[in-house]
Amino acid sequence: MATSGRTARPRVAVAKFASCDGCQLTILDLEDQLLEIVSRFDIVEFPEATSRRSPGPYDIVFVEGSISAPEHLDAIKELRKQARVLVTIGACATAGGIQALRNWADHDAYRAAVYTHPEWIESLATATPASEHVKVDAELRGCPIDPGQLLELLTAVLVGRRPQIRDEAVCRECKRKGIVCLVVAGGQACMGPVTTSGCNALCPTYDRGCFGCFGPRAGANARSWSNGLLKSGRPPEEVWRLFAGFTGYAEPFRTVITELGKTKG
Amino acid sequence: MAKLPTRRPSHAEAGAAVDRVESVRTQMGEPLPMAGIGDRLKLQLDNPRWAQVADRCVECGNCTMSCPTCFCTSVIEASDMDGKSSITERQWDTCFDVAFAKVAGGDFRARPRDRYRQWLTHKFSTWWDQFGSSGCVGCGRCITWCPVQIDVREELAAIAPPIAPVEHPVAVEPVAASPGSYSIARLASARPETEDTTTLSLTDLDPAFLEGRPGQFVMIALPAFPAVPISISRFRANAIDLTIRAVGQTSTALVNLHPGAKVGLRGPLGTFWPIQEAYGRHAVVVAGGVGLSPLHGLVDALVANHDRFESVSLFYGSRTPEDQLFRDDLAAWTASKAIDVVVTVDRAGPEWKGRVGVVTNLFDMISWDCTKVTAFVVGPERMMQASVQGLISKGVPTDRIHVSMERHMECGIGLCGHCQMAGRFVCKDGPVFRLNDLGDMFNREGI
Ligand SMILES: Cc1cc2nc3c(=O)[nH]c(=O)nc-3n(C[C@H](O)[C@H](O)[C@H](O)COP(=O)(O)OP(=O)(O)OC[C@H]3O[C@@H](n4cnc5c(N)ncnc54)[C@H](O)[C@@H]3O)c2cc1C
Ligand code: SF4
Ligand code: SF4
Ligand code: SF4
Ligand code: FES
């Protein structure tokens, strides 16, 4: 292990559940800051980067992925015990992810449709966020997470303050960037009004309505927004699909999806 | 402009311009009856329609972000990983933000209806109080860009039907001395007051701070932490004291500083206690908890000039004996005989020999003619409310009661909009207010 003279480097572990590893890759993508990060943090567990294993306790545990298989249930509880601070990263860990769509479907039928030997697959009937199982201290949203927010979180840990991560509509980022509203001017469907910011309005910047991958913002008025979309002439299936994305299992999107599911039959 | 190639418009062009304006005017349809709109809205703060429109509003903020007169901003401190240097970035923000009016103790506009009401009443009502004009220029952008088709004209017509306008004097007060840039001060000493509260003595100051007045505050900054407003608790020969309760990130970092540390200060900011108004009268100071801090400098001044007042007294309530601030000063004030100091606690162990009960119980001791009382009150909102009611019921005139209000502050100089309370910027029109100047906005929910 590198000895840098700094004695109290926080011990950091990155753990993975059901996920695509994209959030872990975002950590590796911080190329310009990686040296700074590893000189200040002792990254002892990081499956995407190294097969080396190190037991806890850890100062910070970043959790990627949703709780999706039977063995995850104990593993997340054990991680919580080993973690001083537990941070969930990405849509899967914070909201259940795209795989949480099975929570509205017949799990066995899905399994049978996808796998030749469904009996070999051990999975839970639901995919759930870590917060349904253990206490979570902080969340980084997005699919994948935003490197700037990750860096801010690490900085905040070192400096000893709360991360300055805003919880506001994506619309605000559009306005600051001077992007003409895709809904009002372009007639597109967009999750921006109810989705929390952090991506710097990535999709609207490329003329595509927000997919909602950062999940519902604090106080999101999801019901009014789904009513608004329906009133603008969109069929319930389309509005359902809009909410039932990467973060559909997070409230209040979950309620809207359940209700729309009933109307669309 | 002079460099642009310009020419006078032709007769036909000038005529076309007039036609175009006229055609827009006709397209706009029935004009909104604007006469007295400010007063009409003030009468409708409890209209149930606020909740109905808030049910539709998705709080995207598009209306405020596209309104040409909206000025609200927030600040983030972007620092390097060691927190040694940081950049203060100001960005556009909106009162629709869920944390816009939040302070450590709670949220002044917690419900969507409070936030929608803030937007509409600010544009069409309280803007008159602040700037002497309407906050709406009539561009229609907020209507165009609302994704759920909320039309401010419809809302205004439904919420505030026409009434006869009331004449208002436009009171745009000059801003108190308020430097916009930080100067560096050095921490001379840190003195713990209670478990969670510490008094910092700051020295090597810009002389402007020493000329501040009791009741004023400073914005204090550390690299990498958001700046926070803190009252000046005491003026010394070459130093000012700030008494800070560790309730969150910045306040905790401040109370943990060691002597010699450097901090950034802006100020002194805001209004101050009008001491002269109590000359020849009974000066009554009512403090709850850390509320004694912004009153400390006032008490010092009252004690030093006690012969100018009919009498001087301090009623101080805290949760427990351990939560009392400035215990040495309380003893010294008592010993000076220049002031009657009466303290009480909400609860205490058997070793406490003093009074137990809320601070308003102490008002029963007042035997003077209350019409001759000038009162200065600071504490948690609920305590202020009860104290003010108690004083009024004893007969203290509302224009002789002065209070200091707490609001979320980021700029301290009337720019960011966070501290607004109806038609007032608490940072520059306050924090010290004469009670009757606040009217029924004092402690009103959701303002
Ligand atoms: C005019 C005035 C004078 C004050 N004087 C004193 C004093 O003498 N002693 C004292 O202990 N406290 C005082 N306060 C309250 C003090 O400013 C807050 O407790 C402090 O801002 C909390 O910041 P924090 O980062 O420690 O708390 P956190 O809970 O971490 O705050 C979170 C964020 O909310 C914001 N915030 C929370 N409360 C306030 C607030 N009141 N104003 C502005 N922003 C806020 C900040 O942006 C902060 O980053 C005063 C407040 C005002 C308005
Ligand atoms: S119509 Fe008035 S309130 Fe609406 S955006 Fe224009 S100036 Fe602002
Ligand atoms: S407080 Fe007023 S100026 Fe600020 S965003 Fe709201 S409506 Fe606009
Ligand atoms: S634009 Fe419409 S939905 Fe958005 S905050 Fe304003 S009133 Fe609410
Ligand atoms: S604190 Fe910015 S306007 Fe008052």
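Observations, loosely collected:
- Of the candidates A:Thr196, A:Thr263, A:Thr258, the single residue that is surrounded by fewer than 16 Cβ atoms within 10 Å (Cβ to Cβ) and in contact (Cβ under 8 Å) with a residue 40 or more places away in the chain is A:Thr258.
- Taken over segment A:51-80, the residue count meeting the criterion of being farther than 24 Å from A:Arg141 by Cβ and within 22 Å of the chain's Cα centre (by Cα) is 4.
- Which listed residue is farther than 15 Å from B:Glu406 by Cα and either modelled with pLDDT under 95 or not assigned by TED's automatic domain parsing to the domain that holds B:Thr88 (or both), from B:Phe225, B:Phe217: B:Phe225
- B:Gly414 being in contact (Cβ under 8 Å) with a residue 60 or more places away in the chain, small (Gly, Ala, Ser), away from ligand 4 (no atom under 16 Å from the Cβ) and at negative phi: no
- The one condition in (1) within 16 Å of ligand 5 (Cβ to nearest atom); (2) open to solvent by less than 50 Å² (accessible area, probe 1.4 Å); (3) assigned to a loop (DSSP other than H, G, I, E, B) that B:Pro214 fails to fulfil: (1)
Yes/no per residue for (1) under 26 Å from B:Lys42 (Cα atoms); (2) in a helix (DSSP H, G or I); (3) not charged (D, E, K, R):
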site: B:Trp352; (1), (2), (3): no, no, yes
site: B:Asn361; (1), (2), (3): no, yes, yes
site: B:Asp364; (1), (2), (3): no, yes, no
site: B:Ser367; (1), (2), (3): no, no, yes
site: B:Gly390; (1), (2), (3): no, yes, yes
site: B:Arg407; (1), (2), (3): yes, no, no
site: B:Lys428; (1), (2), (3): yes, no, no
site: B:Asp440; (1), (2), (3): yes, yes, no
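- Residue count for segment B:66-94, restricted to those that are open to solvent by 60 Å² or more (accessible area, probe 1.4 Å) and near ligand 3 (Cβ under 10 Å from one of its atoms): 1.
- One residue alone among A:Leu229, A:Leu150 is surrounded by 17 or more Cβ atoms within 10 Å (Cβ to Cβ) and within 30 Å of B:Ser251 (Cα to Cα), and that residue is A:Leu150.
- For A:Asp146, the conditions (1) charged (D, E, K, R); (2) more than 27 Å from A:Lys231 (Cβ to Cβ); (3) assigned by TED's automatic domain parsing to the domain that holds A:Tyr206 are fulfilled apart from (3).
- The numbered conditions (1) in the same structural domain as A:Ala218 (by TED's automatic domain parsing); (2) of a type outside the set (Asp, Glu); (3) more than 18 Å from B:Ser74 (Cβ to Cβ); (4) free of Cβ contacts under 8 Å to residues at least 24 places away in the same chain are all true for A:His107 except (1).
- On the stretch given as segment B:17-56, residues that are within 27 Å of the chain's Cα centre (by Cα) and within 14 Å of ligand 2 (Cβ to nearest atom) total 3.
- Residue match in segment B:156-172 (condition: touching a strand residue (DSSP E or B) at 6+ places or on another chain (Cβ under 8 Å), away from ligand 1 (no atom under 16 Å from the Cβ) and modelled with pLDDT of 70 or more): no
- Hey, B:Leu302 more than 20 Å from B:Phe225 (Cβ to Cβ), buried (at least 24 other Cβ atoms within 10 Å of the Cβ), more than 16 Å from ligand 2 (Cβ to nearest atom) and modelled with pLDDT of 95 or more or not: no
- Residue-level check: of (1) within 7 Å of chain B (Cβ to nearest Cβ); (2) assigned to a loop (DSSP other than H, G, I, E, B); (3) open to solvent by less than 30 Å² (accessible area, probe 1.4 Å), A:Arg162 misses just (3).
- For segment B:238-259, filtering for residues that are touching a residue at least 12 places away in the same chain (Cβ under 8 Å) and assigned to a loop (DSSP other than H, G, I, E, B) leaves 8.
- Top-ranked residue of segment B:59-94 - restricted to ones that are assigned to a strand (DSSP E or B) and among the β-branched types (Val, Ile, Thr), ranked as nearest to ligand 1 (Cβ to nearest atom): B:Val75
- Of all residues making up segment B:92-125, the number that are more than 11 Å from chain A (Cβ to nearest Cβ), of a type in the set (A, V, I, L, M, F, W, C) and more than 18 Å from the chain's Cα centre (by Cα): 2
- Any hit, segment B:12-26, residues being open to solvent by 70 Å² or more (accessible area, probe 1.4 Å) and outside any helix (DSSP H, G or I): no
- Residue within segment B:418-425 that is in a loop (DSSP other than H, G, I, E, B) and either open to solvent by 40 Å² or more (accessible area, probe 1.4 Å) or more than 14 Å from ligand 1 (Cβ to nearest atom) (or both) present: yes
- Test for B:Arg400: is it within 14 Å of ligand 5 (Cβ to nearest atom), open to solvent by 20 Å² or more (accessible area, probe 1.4 Å) and either more than 21 Å from B:Val290 (Cα to Cα) or not assigned by TED's automatic domain parsing to the domain that holds B:Ala304 (or both): no
- Among the candidates A:Lys135, A:Lys177, residue that is surrounded by fewer than 18 Cβ atoms within 10 Å (Cβ to Cβ) and assigned by TED's automatic domain parsing to the domain that holds A:Ala100: A:Lys135
- Elements of the type helices (runs of 4 or more DSSP H) sitting completely within segment B:95-152 and holding at least 2 residues that are more than 13 Å from ligand 3 (Cβ to nearest atom): these cover B:112-121, B:141-144.
- The lone criterion from (1) outside any loop (DSSP other than H, G, I, E, B); (2) of a type in the set (Asp, Glu); (3) open to solvent by 50 Å² or more (accessible area, probe 1.4 Å) left unmet by A:Glu122 is number (1).
- Residue within segment B:285-299 that is assigned by TED's automatic domain parsing to the domain that holds B:Pro321, open to solvent by 20 Å² or more (accessible area, probe 1.4 Å) and away from ligand 2 (no atom under 16 Å from the Cβ) present: yes
- Counting only residues that are hydrophobic (A, V, I, L, M, F, W, C) and over 20 Å from the mean Cα position of the chain (by Cα), segment B:126-136 holds 1 of them.
The values are calculated or read from the model by the stated rules, or taken from the named source; none is laboratory data. Small disclaimer: the values here were computed from a predicted structure and weren't measured. Ideal geometry is used to build each Cβ from the backbone, glycine not excepted, and the neighbour counts take in all protein chains shown. The protein model used for the area step is the full one, side chains on, heavy atoms only, and it has no ligands, DNA or RNA in it. Shrake-Rupley method; radii C 1.70, N 1.55, O 1.52, S 1.80 Å.
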